[in-house]
Structure formats: structure tokens, C-alpha cells
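J.: I'd like to ask you about the structure that follows.
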Amino acid sequence: MTDTVVNAVPADGARVSLLPSGEQRARLRRWRYAKDRISRYGVAVGGLGVVVALALIFVYLFYEVFPMLRSAEVTPVAAYAMPAGVAGDQVVDVATERYTEVAGVYGRDGRVTFLNPRNGELLKQVSLPLPEGVNVVSSAPAEVKYGLLAHGLSDGRVLVTQHEYTVTYPDDVRHTEPAITYPLGEQPLVLDEQGAPLAAVGIQAVGEGFSLAGATADGRLTLAIYSAAVSFMTGEVEIKRQSYPLPQLAGRATHILINKSMRNLFVADTEGYVSHYDIVDPDEPRLLERVHAVADGATIAAMRYLSGTVSIIIGGSDGSVAQWFPVRDEQNQYHLTHIRDFESHPGAITFIAPEYSRKGFVAGDAGGHVAAHFTTSGRTVLMEKVSDAAITGITMSPVNDTLLVTDAGGRMQYLNLYNEHPEISMKALWGKVWYENRAGEEYVWQASSGSDDFEPKLSLTPLTLGTIKAAFFAMMFAIPLAIMGALYSAYFMTSRLRGFVKPSIEIMEALPTVILGFLAGLWLAPFMENNLPAVFSILLLMPLAMLAVAYAWANLPERLRLLVPPGWEVAILMPVILLVGWLCIVMSPSLELWFFNGSMRQWLTDVGITYDQRNALVVGIAMGFAVIPTIFSIAEDAIFTVPRHLTQGSLALGATPWQTMVGVVLPTASPGIFAAVMMGFGRAVGETMIVLMATGNSPIMNFNIFEGMRTLSANIAVELPETPLGSTHFRVLFLAALVLLVLTFVMNTVAEIVRQRLRKRYSTL
């Protein structure tokens, strides 16, 4: 081939070339190479930036989740001998306040010693106002947050004390002043009318008064309710007492617990049994049962309520530690039930100290070990040997960051405690857990409540199932419409009509999902509830009507079918779709009256199917409209770009258009269609506003299409703004975000692998 060079001839006769000179071509070539390099490196940097951004998201989420993986630990701060006169083996209870600046040690000799827990300095010593010749024979604390202690005396009376702390700031320095107060007065109160020593006592704050119970060595058991009132006449404090004798105890009592709702009273005895009394009506108390709570040959060495007075922790002389609480049966009767065991201690349990606001506790044993346990997770998060002598007393600060431990050798230890996230375990997050006041093990998400005694329930299983459920029903609605629409638009529809339909569907993706959720929650959900027969009639009759019209069209004379240009057949279906939809809505009340006795919703309830107004069906339709544009656009492009020589070759060999579409177009476009479906699934999994506004947002564990759900994304959006920074709840929400990211990442990775294999398989067509 010979290149033709065109030369221009100017007026002066000189010939000038219109092509660039060699220098100009070199300069253009260098500029082209520079743009190629800029584009190549720009695309590479962009791609790498996406990878880095994704990696940073993973890193940040894991950074927020990682503290939950840190183990509990104790750090010794100080250890010293307690002041003279304080016998370590005579310690009844230990107390402290928010800043752990003062420690109170109750002794069996009736003295309360306050000291500086950081160095053992004696601050104050208070002697209880005991009558001459009377001594303390038993003591028991109330729920830990009240600071109450009941002292059973040798003459059948009881003295109630409360430790309090007053904080002042002289010269801008915090000073904590401890004190012992007497809520029912300094005069001991009669509990046993016969004046026998109280072998065991129990106390609980109930409303404006106090409930006390005492047991004598011969098994007599008495319940009394005391309240203090100020006389309007004299201004003096008057103590009102109501006494109720309880059924005789079978053994010798060692521990007594009363719950703050005044429903149950539990008495442990020397034989290892716990007697369960119903005291809802104190005038007619009933012994419900007597349960053996420890292994054969062992005795109950310690028994204490957790915060909220629902769960009972029982420590055995064999080192066993177990959680029990009353469970209501089908006859509405409560039975004390063994819930779970914790890691056994090397020695007999000597002391149990519950946390102030969580469902955890610390136990000490005769071997000098201290262990931190948590009931919800069922974990023993820490066990350390801190002394060579038996542990006689333990207390935690109200914020669970310090421990004070006394032992039989007369020493006290100050320990820093790290135990920020004991609620977390694989079982607590993903397994069934037996929570307080529940009939059995369940999957539950309920992270907070208005009560300080609430047990957080942090199972991610209902949220994950809800996410999958919402995505599943959305895809059930979106996939048939989007894929079938893409097939018709790309293969059968005329280019003119396609130029109108495709942009119209794609522009639907710009519609804010909050608008879809708003419409779904406020219009679609009530409409479907009131027209359930119409909804199911449309789902059933619409496809049948389309098939009937298609069959009739195929059997029309050819001269009539030619009146409609090829690719415009869809116009015939539009009136049919509108007519069928209108008929189904108009006939809905009549269908409901004929087949469902006037209410399809009530009929569903009668056959055992729960129906909620905001349910998965509403979400499936609303979220389906949000997902359809994504699937349709990608699938339609994949089908439309199938090489024409493939379809034309198939038609030339005698295949019908339908056979060509099924045998040639669909296999070739299958990688793109599969990618479209997975993109739609990822869009559905991450959707927030629609599921938030149209589902009721209830974290339930079922796949009922007529009930709602709570998804991971909606849960994060609702709860994260009001969650305390750094709390377990806060970090579990970040774990939910990590789970959501991993779920979509895995699904997209699998989808890409499948897409590549499909592409490789059908690339040779």
C-alpha cells in the first residue's frame, strides 16, 4: 500500500504539508504515552484505594471489637494486715464506695472498722448498740446496692444497719466520710417471739420498709415486715411491725434470702437443701418445694442473690458454684430450677460478692482463690490465687474496677480489676441462653431496658436471621420481575420502546429508600392488612391472566397479529394487568366474606399463623422495588450485549426466538445475570430505612412471612446513637457491623468466583 501525501499549494508556489512534522509527531507521541501512563497508574491507584479503604473498614471495625476479646485480670495494688482487733476469720461482710477510698469491715464481735484500703490506715471504728450480754450470732446482707445488713442476735432480736458515705471537697480535695446508720432505729427489734438465738437471718428492702426473716436452731421460721413512720403528734419515729409465722423448717437453717417483690423466700439448711416458700400472701405462706442444691456429701457453704434478686448463686463445700432461679411452669407455679454451673473452685466456697448492676459475681474459697463469674455468658472469666489463707470477705466497687479481699490470716488486699466485657461469649452471641424470668433457653436481642436490674440479651442470631429473611423475601419479589423484564426488554422489545422503558426503570434507583419505607409503613401495610384476599388473588390470577392472553394471542389469525408491530406486544398486556388488579381489589371484601368468614387476618390467627401489620411481605414488596432497578439494569445490559452472530446463527439454523433465548442468550449472559442477582442481594442485605420503617423492628426468630423482623443494619441505625461509648452494647453493635460486612464480602466473593467460572464456561460459544 502506498501512502498519499496531500500538499497544499500556496499563492507563492511553495508546497506545504498538512501532516504534522516529525517534531510535532514526536511531541504528540510523548503526550499520548504520558496520558497512557497517567491513566494506567490512575486506574491502579483507584483500584488500590478501594482495596485499602475496604481493608481500613475491616481494621477499624475489628479495632472496636477487639477489647471484647481481652481477658479479665487482677493487679495487686496493696496488701497489709488489718488494724489490731480485727480478726480475719471473724469477718461478716466487707463494703466500699464508688472511689474505693474507704473500706468497711463488719466483724462478728459487733464492730465495724473503717480503714483506708490503699494502706490499711484506721479511719473509724463503730461498735453496734448491742444490749448487755447479747451478741451477734448471724448476719446477712440485702441486695448489694442498698448497703443493708441484718444482724441476728442471741436473744431472738435483729438489728439493721446501713453503711453510708458522705463526700465533701474541703480545699478542693475529695474527702469521704463513712458512717453507720440504723434505718429501723438503734434499738434491736423482736423477730422471734420466744427469744431464741437466730441461727440465720435474711433481709430485703421492700418499698418504704424492710422485710426480715429469721430461723432458730429448732427450725422455727418467722417473717416480719417493718416500716418506719414519723408521728405527726410527737415527731418521733415509730416502727410498725407485722409478723407472719412460716411453716416449720425441716433442717437447721444456714442462709435466708427474700426477693424484693415479696414473692419468694428461700432457706438453705445444713443438709444441702433449699426450701422454697411462697409469701405472696404472707398471712397464708406455703412451702412449695425442698430442692437438693449441691452434690451428695456436700453442703451449702454460701448463698447470695445477684442484682435484681432473681438469680441465686449457691456455693458448695465441694467448691461447686451454680446459678438457680424460679421458673414458672404451665400451671403458673414457680419452681426453683438449676440453670447453669460454673468452673469449680479448688476449695470450699467461703464468700460470694455480687456486682452492683450486672449479672456477675466474685467468689472466694478456702484455698485463697478468687474467681469472677458471669451468669449470662456462663463464663468463669478469672480465677486467681491471692492468699494462702481462706477468703473471708470480698467486695467490689460499684463500677467493678477494684476488689477488696480479706482472708482468715487477718490481711486485706487491694486489687485493680479489669473485667469490662464478661457478658460476651460465643454462646451468648450465637447460641441459646437461659435468661432470668424465662421458661427456657432462647435466642433474644434486647440490649437495654428502663430497669437497673435488667439482664442485657445480646444474641446476634435474631438479627442475622432477620437480615437474611428480609433479603430473601425482597429477592423473591424482585428476581422474577427484574430478570423477566430484562429478558423481554433486551431481546424482544423494540429499540424505541426499550429506549423509554430502560431509563424509566433505572431512574427508580434514584428514589430515596426512606420514601419507599414511609409509603410501605403508612400506606402499603394498612392496605394489605385490609385487602389480604386481593393481594393473594393478584399473586395467583395475574400470571394466569397473562398466560391466557398469551395463549389467545398465539391462536389469533395472523392478519390480526400483524396489526401489532413486533416488540410492541407488551402494550396488549397493560389493560389486562390493570383490569385484573382492579377486579381483585374490588372483589376482596366478597372473597373475605365467602372464604374467611369476614376476616382473613382472624382466620390466619385461628389456624395458628401470627399476622403483624408490618411484616416480611410488606418489606419484600417495598424493598423489591428498591432492588429491581439494580438487577434489571445489569441483567439487561448482559443480555443485550450477547454477540449478534450467536443469535443470528441460531435463528438461521431454524431455532425459534424463544429457543434461541433459552439455549443461546441465557447461557451466554448468565455471568452477568448472576452478578446482577448478587448485586441486588447485597443491596437488600444492607438496606436500612425500608426495614426500619416497614417491619415493626422486632427481633424474632422465625421465617413467617406475616411477621416482621429486625435486621443488623436497622439495629445499628436505631441503637448506636444512644449507646454509651465503649460499653459492651456499643462494641457488640460494631461486631454486628463487622458481621454484616463479612456477610456481604463473602457473598460477593462467592458470586465473583461463580461468575468467572460461568464466563469461562460459556466464552467458547
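J.: Sticking to Cα atoms, compute the Rg of the stretch 542-611 to one decimal and its Dmax as the biggest Cα-Cα distance, whole number, in Å.
T.: Rg then Dmax for the stretch 542-611, in Å: 18.5, 55.
J.: If I fit a long axis through the Cα atoms of helix 570-596 and take the longest principal axis of the Cα atoms of the chain, what angle between them do I get, 0 to 90°, rounded to 10?
T.: Computed tilt is about 30 degrees.
J.: Also, quick follow-up: By counting other Cβ atoms within 10 Å of each Cβ, how are L148, L560, L604 ranked from fewest to most? Write down the numbers at each step before the final one.
T.: On the way: L148 19, L560 9, L604 16.
Sorted ascending by nearby Cβ count, the order is L560, L604, L148.
J.: So in the chain, what percent of DSSP beta bridges are antiparallel if you round to the nearest 5? Don't jump to the answer; show the numbers that get you there.
T.: Values: 130 of 130 bridges.
That works out to approximately 100 percent antiparallel.
J.: Spelling out what I want: for every residue of the stretch 377-394, take phi, set θ = phi - 60°, compute 6.51 cos²θ - 1.76 cosθ + 1.60 (Karplus), and round to whole Hz; glycine and proline get x.
T.: Taking θ as phi minus 60°, the curve returns 7, x, 10, 9, 7, 7, 9, 10, 8, 10, 7, 8, 9, 5, 6, 10, x, 9 Hz for the stretch 377-394.
J.: Give me a comma-separated list of calculated 3J(HN,Hα) values for the stretch 741-750, in order, Karplus coefficients 6.51, -1.76, 1.60 applied at θ = phi - 60°, integers in Hz, x for any Gly or Pro.
T.: 5, 5, 4, 5, 5, 5, 4, 5, 5, 4
J.: Summing -39500 (n - 2.57) over the DSSP H runs of n ≥ 4 in the chain and dividing by its residue number, what mean residue ellipticity at 222 nm do you reach, to the nearest 500 deg cm²/dmol? Intermediate values should be presented prior to the final figure.
T.: On the way: 17 runs with 270 residues, N = 765.
It lands at -11500 deg cm²/dmol.
J.: Ok, one more. Rank these for me by crowding, S21, S650, going from fewest to most other beta carbons within 10 Å.
T.: Ranking S21, S650 by Cβ neighbours within 10 Å, fewest first, gives S21, S650.
J.: The stretch 309-394: which GluC sites (Glu not before Pro) are DSSP loop and have at most 16 other beta-carbon atoms within 10 angstrom?
T.: Working: sites: E330, E343, E355, E384; in loops: E330, E343, E355.
Passing sites in the stretch 309-394 are E330, E343.
J.: I want the local charge near H369. Using Cβ-Cβ distances under 10 Å, sum +1 for each Lys or Arg and -1 for each Asp or Glu among the other residues.
T.: For residues surrounding H369, the net value is -1.
J.: Counting other beta carbons within 10 Å of each residue's own, what order do R683, R25, R411 fall into, fewest first? Don't jump to the answer; show the numbers that get you there.
T.: Details: R683 22, R25 11, R411 18.
Ordered from fewest to most neighbouring Cβ atoms within 10 Å, R683, R25, R411 come out as R25, R411, R683.
J.: Would you mind checking K260/K359; K260/K457; K359/K427; K124/K145; K359/K457 for any pair whose Cα atoms are more than 18 angstrom apart?
T.: Working: K260/K359 16 Å; K260/K457 22 Å; K359/K427 16 Å; K124/K145 22 Å; K359/K457 11 Å.
Listed pairs above 18 Å: K260/K457; K124/K145.
J.: To the nearest 0.05, what FRET efficiency results for W582 and F730 with a Förster distance of 51 Å applied to their C-beta separation?
T.: Details: r = 51 Å, r/R0 = 1.01.
Plugging the Cβ-Cβ distance into 1/(1 + (r/R0)^6) gives 0.50.
J.: Still on this structure, please answer the following. What are the semi-axes of the equivalent ellipsoid of the chain, taken as the square roots of 5 times the eigenvalues of the Cα gyration tensor, listed largest first and rounded to whole Å?
T.: Values: eigenvalues 1128, 267, 90 Å².
Square roots of five times the eigenvalues give 75, 37, 21 Å.
J.: Please report, in cubic angstrom per residue, the volume enclosed by the convex hull of the alpha-carbon atoms of the stretch 130-292.
T.: On the way: hull volume 25.0 nm³, N = 163.
With only Cα atoms used, the stretch 130-292 gives 154 Å³ per residue.
J.: Let me ask another. Does the stretch 465-762 come out rounded, prolate or oblate by the C-alpha gyration tensor, with a ≥ b ≥ c the root eigenvalues, rounded set by a/c under 1.5 and, if not, prolate when a/b is larger than b/c and oblate if not?
T.: Values: a/c = 2.49, a/b = 1.29, b/c = 1.93.
In terms of gyration-tensor shape, oblate.
J.: Could you work out how far the C-alpha centroid of the stretch 186-201 sits from that of the stretch 371-441, in angstrom?
T.: The stretch 186-201 and the stretch 371-441 have Cα centres separated by 34 Å.
J.: Just to confirm my numbers, what's the Cα centroid distance between the stretch 276-343 and the stretch 445-521 in Å?
T.: About 49 Å separates the Cα centre of the stretch 276-343 from the one of the stretch 445-521.
J.: Counting chymotrypsin sites (Phe, Trp or Tyr not before Pro) as exposed when in a DSSP loop with at most 15 other beta carbons within 10 Å, what is the longest stretch of the chain free of them?
T.: 233-567
J.: Next question, about the same structure. Output ³J(HN,Hα) for the stretch 134-140: one whole-Hz value per residue in order, computed from phi by the Karplus curve 6.51 cos²θ - 1.76 cosθ + 1.60 with θ = phi - 60°, and x for Gly and Pro.
T.: The phi angles translate into 10, 10, 7, 10, 7, 9, 7 Hz.
J.: Between the stretch 152-183 and the stretch 625-654, how many Å separate their Cα centres?
T.: 82
J.: Summing Lys, Arg as +1 and Asp, Glu as -1, what charge do residues with Cβ under 12 Å from the Cβ of R614 carry, R614 excluded? Show your work: numbers first, answer last.
T.: Working: positive: R710; negative: E529, D612, E707.
Every neighbour counted, the sum reads -2.
Read-outs throughout are calculated quantities, based only on the coordinates presented, and are distinct from any laboratory measurement. Fair warning: this is a prediction, and the values are worked out from it, not measured in the lab. Note that we place each Cβ from the backbone using ideal geometry, even for glycine, and neighbour counts take in every protein chain shown.
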